[in-house]
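The values are calculated or read from the model by the stated rules, or taken from the named source; none is laboratory data. These figures come from a predicted structure and were not determined experimentally. No Cβ is skipped: glycine too gets one built from the backbone with ideal geometry, and neighbour counts run over all protein chains shown. Areas reflect the complete protein model, heavy atoms only, side chains present, ligands, DNA and RNA absent. Shrake-Rupley method; radii C 1.70, N 1.55, O 1.52, S 1.80 Å.
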Amino acid sequence: MTALAALLLRDMRLAVRVGGGALMGVLFFLLVVTMVPFGVGPDLKLLARIGPAILWIGALLATLLGLDRLLAADHDDGSLDLILMGHAPLELAVAAKALAHWLTTGLPLVIAAPLFGIFLNIDGSAIGIVALTLLVGTPALTFIGLIGAALAVALERGGLLLPVLVLPLTVPVLIFGIAAGDAAILNAAPFGAPFLILIALTLTSVVIGPVAAAAVLRHGLD
Amino acid sequence: MEWIALANPSRFLALAERLLPWLAAATALAFAAGLYAAFFVAPEDYQQGATVRIIFIHVPGAWLGMLGWAIMSVAALGTLVWRHPLADVALKTAAPIGAAFTFVCLVTGALWGRPMWGTYWVWDARLTSVLVLFLMYLGLIALWRAIEDPARAARAAAVLTLVGAVNLPIIKFSVDWWSTLHQPASVFRVGGSTIHPAILAPLLVMALAFTLLFATLYVSAMRNEILRRRVRTLRLLQVHAAQGA
Amino acid sequence: MRLSGSELECVRGGKRVFANIGFAVGAGEALLLLGPNGAGKSSLLRMVAGLLRPAAGSLELAGANCDRSLAEQAHYLGHLDPLKSSLSVGENLRFWTRFLGGGRGEGPDEALRVVGLERVGDLPAGYLSAGQRRRLSIARLVAVERPIWLLDEPASVLDADGQALLGEVMRRHLAADGLILAATHAPLGLDPARELRLGAVLP
């Protein structure tokens, strides 16, 4: 347990130090939110309607774009070798790394989302609900992305390959995350069902992600 | 001749020590005068009521936000052309201060917008341009944070600053065009000549106060940065000293 | 404790690097892997470390803690120094001590003293020279006790002082009934060391 706590702490420290990406995700998120109105026009009614979708897509991209270095950085300096040789099971070790990434990238996105909702003219209660769906849904994005991060190690150069591999896998999360948000905002559909499915998706990916990532890393032993 | 002497970091430190108390005092005085004028001298707007007073913070914030980038551009030239370490320091320390003033402008704009437009944010041409400026500041700060070696970071940041300086007018023009494409006229117009003198005088005093505040913060930030770099150099020397041991 | 390998075969990129390699090392013994570049010295070490799967053959560890796998009882010192430049020297070492450790060993503070880096403990690891980075990696072996040391060209970037220090640390490890497998070109100053020669590429 101390080993995993140590790994979690180290990754969080790295994220906030020089060269770390802790607030980069939030900045990218803000840029996505800013760029969309330039594309669709500053019509506040329209923005309010598509606001939850913009926040979700922004969060999705901000989560995935930083993930390709999650394991590759440790591979490049030999840390991954030692992580493989540790007492902690590899599945839990990569899960700890993913959790550290979510705490330093995903959670700030969730916290920033209500603020950025102001730009999109989403009103008070609706913004709370969108933030709630993001809080529940973004861990799924990180842990699904973890599989891509492991593939990026085996393939030497990750880069844009990771989103290409991972984005299709995140489709269900996106669908139910936005469905839950819309249901609450428009009062058109029940909120409970999509929200519970979103929770289920997150719990599933928290299990599948680390197992698959560890399998990829073990298989790619070289 | 004196300017060249100033470019020596040690001389700058000595000057900063002497200058800072005066600058701080002048800032406090200007703010006292400006805030008094803003609250008690300036009349309320017949439409906007007391809300109009927010422009005494909003407008100087915007000016200083833009001035910050202008200062950085000059410093960037110093970094790239003369490769002077003090220019690096001037370039780096202006970014967070400029970003802070830009942020003040954005927040006050949003607070003003709430009673005026019924919403905190409207994609008004002016506000949107300021938002883009703010984002560029944040990008520049992120760049500084991404590179540990200050000399290397300075050259990268200098290029980005100059590219930004060239692009800012283009961005401003584009945003104006984009905005008029979508909405006929901007709600918030403070054209120079239409301002009533009773508003203009406090505004100018506040602008002076903000400029002095900027200068105070800037000089002390530069002093801190020079000291921080000396600490870094000492630590590097410590590592080399340990090499022999 | 006895570590042995028999009929090991390594295939990389479809090409056979070595085959039918066997060795045995007992407690307190060092085995030097010698041979030209490309003979598979590093591959053999990574195989023992569990980082490379043997195409054939088997590795066996007798008379050791049965709860732990071979890889979990081994220290691997590779070409790369697994350090993060934005963390301090002490933070790097404390992390690996906590991550790899089962609580036994000298601990990070004492280990830093052993390798002569105690005065730079709170400076960023990015400030270190190549030799100092290697010393910090060696500190890891001292900080956490693991019986098997797998060293891949451990002396490559070290100066004379550093090599003396490495020899001292290795001799102490052997005296404490540890065992060492080292791939090397340079003599490591281990007197009673056995050698395993890996040949050129097999047909």
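Restricting to DSSP loop positions (anything but H, G, I, E, B) with no more than 14 other Cβ atoms inside 10 Å of their own Cβ, which trypsin sites (Lys or Arg not before Pro) remain in the stretch B:45-115? Could you put the intermediate results ahead of the total?
On the way: sites: B:53, B:83, B:92; in loops: B:83.
Passing sites in the stretch B:45-115 are B:83.
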In degrees, nearest ten, helix B:197-244 long axis to first principal axis of chain B (Cα)
20
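Can you tally the net charge around residue C:27? Count Lys and Arg as +1, Asp and Glu as -1, for every other residue whose Cβ sits under 15 Å from the Cβ of residue C:27.
Numbers: positive: C:2, C:146, C:171, C:172, C:194; negative: C:29, C:60, C:145, C:177.
The answer is +1.
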In whole µm²/s, the translational diffusion coefficient that Stokes-Einstein assigns to the stretch B:137-184, given a Kirkwood hydrodynamic radius over C-alpha pairs, 25 °C and 0.890 mPa s, equals 199
Helix C:160-175 versus the longest principal axis of chain C: what angle, 0 to 90°, nearest 10, using Cα atoms?
70
0 to 90° range, to nearest 10: angle between helix B:55-77 axis and chain B longest Cα axis:
30
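Would you list B:136, B:206, B:66 from the most to the least accessible area, probe 1.4 Å? It would help to have the intermediate numbers written out before the result.
Numbers: B:136 45, B:206 0, B:66 110 Å².
Ranked from most to least accessible, the order is B:66, B:136, B:206.
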Going through the DSSP H helices of chain A, which span 27 Å or more along their own axis at the Cα atoms while scoring at least 0.0 as a mean Kyte-Doolittle hydropathy?
A:44-65, A:124-154, A:192-219
Distance (nanometres) between label positions extended 7 Å along Cα→Cβ at residue A:207 and residue A:35:
3.7
Could you give the size of the charge dipole of the stretch C:138-203 about its Cα centre, using +1 on the Cβ of each K and R and -1 on the Cβ of each D and E, expressed in debye and rounded to the nearest 20?
200
So which lysines pass the test for residue C:84, namely a Cα distance under 20 Å, with those fewer than 8 places away in the same chain ruled out?
A:97
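Please report the antiparallel percentage of DSSP beta bridges with both residues in the stretch C:39-189, rounded to the nearest 5.
Bridges in the stretch C:39-189 are about 10 percent antiparallel.
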Cα-based Rg / Dmax (Å) for the stretch C:2-197:
16.5, 48
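Taking R0 as 60 Å, what's the FRET efficiency between residue B:174 and residue C:79 from their Cβ-Cβ distance, rounded to 0.05? Could the numbers behind the result be given before it?
Values: r = 51 Å, r/R0 = 0.85.
Between residue B:174 and residue C:79 the formula returns 0.75.
Hey, any idea what the orientation-averaged projected area of the convex hull of the stretch A:3-220's Cα atoms comes to, in nm²?
Values: hull surface 46.7 nm².
If you wrap the Cα atoms of the stretch A:3-220 in a convex hull and average its projections, you get 11.7 nm².
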Could you order A:26, B:166 by accessible surface area, starting with the largest, using a probe radius of 1.4 Å?
B:166, A:26
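Take every Cα pair under 8 Å in chain A that's 6+ residues apart, average their separations, divide by the length, and report that relative contact order as a whole percent.
Working: 292 pairs, mean separation 57.9, N = 222.
Taking the mean separation of contacting Cα pairs over the length of chain A, I get 26 percent.
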If I model a spin label as a point 7 Å beyond the Cα along the Cα-Cβ vector, how far apart are those points for residue C:60 and residue C:159 in nm?
4.7
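Roll a 1.4 Å probe over the protein chains and send me the accessible area per residue for chain A in Å².
Details: 8780 Å² over 222 residues.
Computed with neighbouring chains in place, this is 40 Å² per residue.
Among residues other than residue C:61 whose Cβ falls under 15 Å from its Cβ, what is the net charge (Lys/Arg +1, Asp/Glu -1)? Provide the component values of the computation, followed by the final result.
Numbers: positive: C:2, C:68, C:146; negative: C:29, C:60, C:67, C:72, C:177.
Value of the local net charge: -2.
Dipole of chain B, Cα-centred, from +1 at each Lys and Arg C-beta and -1 at each Asp and Glu C-beta, to the nearest 20 debye? It would help to have the intermediate numbers written out before the result.
Details: 18 positive and 10 negative charges, 146 e Å.
Dipole size: approximately 700 debye.
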Using a 1.4 angstrom probe on the protein heavy atoms only, line up A:79, C:58 by accessible area, largest first.
C:58, A:79
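Where both partners of a DSSP beta bridge lie in the protein assembly as shown, what percent of those bridges are antiparallel, to the nearest 5?
45
What is the dipole size for the stretch A:1-144, taken about its Cα centre, with +1 at each Lys and Arg Cβ and -1 at each Asp and Glu Cβ, in debye to the nearest 20? Don't skip to the answer; put the middle values down first.
Values: 7 positive and 9 negative charges, 70 e Å.
So the dipole magnitude of the stretch A:1-144 works out to roughly 340 debye.
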Of C:138, C:101, C:80, farthest towards positive along the dipole that unit charges on Lys, Arg, Asp, Glu beta carbons give the stretch C:79-181:
C:101
Name the long-range amide H neighbours of residue C:121: under 5 Å, sequence gap of 5 or more, or other chain; modelled H, no Pro or chain starts.
none
log10 I(q)/I(0), Debye, Cα-only the protein assembly as shown, no solvent, q = 0.07, 0.10, 0.11 Å⁻¹?
-0.62, -1.05, -1.17
